[in-house]
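Student: Please find one structure pasted underneath; my questions will follow.
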């Protein structure tokens, strides 16, 4: 049973990826179908989450080296990122501040308790960084992780629709939108457009994490 979670998750992912590539239907994206399949399987079989996570946790551990691996396309497209550095930095800064402030204000409107508000703030940052930020500012990392996943799923689904609706052709604009708004999941979707778009998205995701880490501790006290 030790490798059960690992084998099941990989199997579901391979099948889901195959289905998605054949149909290109958004609702068949592995980001949606794999979690649903796993939840359904555990509910039907009665297998505990701890048993499942005993093997699946190794995939979670790969998040950090996978994030570092984004350095490869960044190096390949270094001339493009240098050329548009100021635009990217300013855009990501605006997006990160908006994410922090909107999270706080929305939570305030719905009278959410302070701990939950703080846990919600880093939702637009990739999971490993978001959990560290949450812990630093007094949130609950496990709750933050849930918000991060929800944000990533919605962003990776809505982002491409928004790009098509607004007819955004710029690789820089597409990359910043997906990377800042939907972190790693958005970056995965960005690479489906072009390698350059994915590269800008990965850079935006990293910058968003740094900017959120630096700004959140100072901004939160102003609104709580």
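The values are calculated or read from the model by the stated rules, or taken from the named source; none is laboratory data. Worth saying up front: this structure is predicted, and the values here are computed from it rather than measured. Glycine gets a Cβ as well: all are built from the backbone with ideal geometry, and neighbour counts include every protein chain shown.
Student: Of the residues that make up the range 158-175, is at least one assigned to a helix (DSSP H, G or I), closer than 29 Å to residue 113 by Cα and modelled with pLDDT under 90?
Tutor: In the first step, residues of the range 158-175 are kept if they are assigned to a helix (DSSP H, G or I); the result is 158-165, 171-175.
Narrowing the set further to residues that are closer than 29 Å to residue 113 by Cα leaves 158.
Now restrict to residues that are modelled with pLDDT under 90: 158.
Yes, some residue in the range 158-175 is assigned to a helix (DSSP H, G or I), closer than 29 Å to residue 113 by Cα and modelled with pLDDT under 90.
Student: Taking into account only those residues within the range 50-66 that are over 15 Å from residue 10 (Cβ atoms) and free of Cβ contacts under 8 Å to residues at least 40 places away in the same chain, which is farthest from the chain's Cα centre (by Cα)?
Tutor: 50
Student: Given the conditions (1) free of Cβ contacts under 8 Å to residues at least 40 places away in the same chain; (2) under 20 Å from residue 30 (Cα atoms); (3) surrounded by fewer than 22 Cβ atoms within 10 Å (Cβ to Cβ), and given that residue 186 satisfies all but one, which numbered condition is not satisfied?
Tutor: So the condition that residue 186 fails would be (3).
Student: Restricting attention to the range 136-148, does a residue exist that is assigned to a loop (DSSP other than H, G, I, E, B), within 17 Å of the chain's Cα centre (by Cα) and in the same structural domain as residue 96 (by TED's automatic domain parsing)?
Tutor: Looking only at the range 136-148, we keep the residues that are assigned to a loop (DSSP other than H, G, I, E, B), and these are 138-140.
If we keep only those that are within 17 Å of the chain's Cα centre (by Cα) as well, we get none.
No, the range 136-148 contains no residue that is assigned to a loop (DSSP other than H, G, I, E, B), within 17 Å of the chain's Cα centre (by Cα) and in the same structural domain as residue 96 (by TED's automatic domain parsing).
Student: Among the residues of the range 129-151, write down those that are under 16 Å from residue 207 (Cα atoms) and surrounded by fewer than 18 Cβ atoms within 10 Å (Cβ to Cβ).
Tutor: 132
Student: Still on this structure, I have one more. Which number in (1) surrounded by 15 or more Cβ atoms within 10 Å (Cβ to Cβ); (2) without any contact (Cβ under 8 Å) to a residue 12 or more places away in the chain marks the one condition that residue 74 misses?
Tutor: Every condition holds for residue 74 apart from (2).
Student: Kindly provide the set of residues from the range 5-30 that are in a helix (DSSP H, G or I) and surrounded by 18 or more Cβ atoms within 10 Å (Cβ to Cβ), ordered by number.
Tutor: As a first pass, look at the range 5-30 and keep what is in a helix (DSSP H, G or I): 5-23, 26-28, 30.
Within the range 5-30, 5, 8, 9, 12, 16, 20, 30 meet the criteria.
Student: Additional query: Filter the range 184-202 for residues that are touching a helix residue (DSSP H, G or I) at 6+ places or on another chain (Cβ under 7 Å) and in a loop (DSSP other than H, G, I, E, B); which is farthest from residue 70 (Cα to Cα)?
Tutor: 193
Student: Which residue, of 86, 97, is part of a helix (DSSP H, G or I) and either outside the structural domain of residue 187 (by TED's automatic domain parsing) or touching a residue at least 12 places away in the same chain (Cβ under 8 Å) (or both)? I'd like the intermediate steps shown before the answer.
Tutor: Numbers: 86 fails: either outside the structural domain of residue 187 (by TED's automatic domain parsing) or touching a residue at least 12 places away in the same chain (Cβ under 8 Å) (or both).
97 is the lone residue from the list that is part of a helix (DSSP H, G or I) and either outside the structural domain of residue 187 (by TED's automatic domain parsing) or touching a residue at least 12 places away in the same chain (Cβ under 8 Å) (or both).
Student: Of 211, 178, 222, which residue is part of a helix (DSSP H, G or I) and modelled with pLDDT of 90 or more?
Tutor: Details: 211 fails: modelled with pLDDT of 90 or more; 222 fails: modelled with pLDDT of 90 or more.
It is 178.
Student: Output the residues belonging to the range 98-107 that are surrounded by 15 or more Cβ atoms within 10 Å (Cβ to Cβ) and over 17 Å from residue 159 (Cα atoms).
Tutor: The initial filter retains those residues of the range 98-107 that are surrounded by 15 or more Cβ atoms within 10 Å (Cβ to Cβ), namely 99-101, 103-104, 107.
100, 101, 103, 104, 107 - these are the residues of the range 98-107 that are surrounded by 15 or more Cβ atoms within 10 Å (Cβ to Cβ) and over 17 Å from residue 159 (Cα atoms).
Student: Additional query: Take the residues of the range 42-52 that are surrounded by 15 or more Cβ atoms within 10 Å (Cβ to Cβ) and assigned to a helix (DSSP H, G or I): which is modelled with the highest pLDDT? Lay out the reasoning, then the answer.
Tutor: Of the residues in the range 42-52, the ones surrounded by 15 or more Cβ atoms within 10 Å (Cβ to Cβ) are 42, 47, 51-52.
From the residues that got through so far, the ones that are assigned to a helix (DSSP H, G or I) too are 42, 51-52.
On the way: 42: 87, 51: 83, 52: 83.
Out of the qualifying residues, it is 42.
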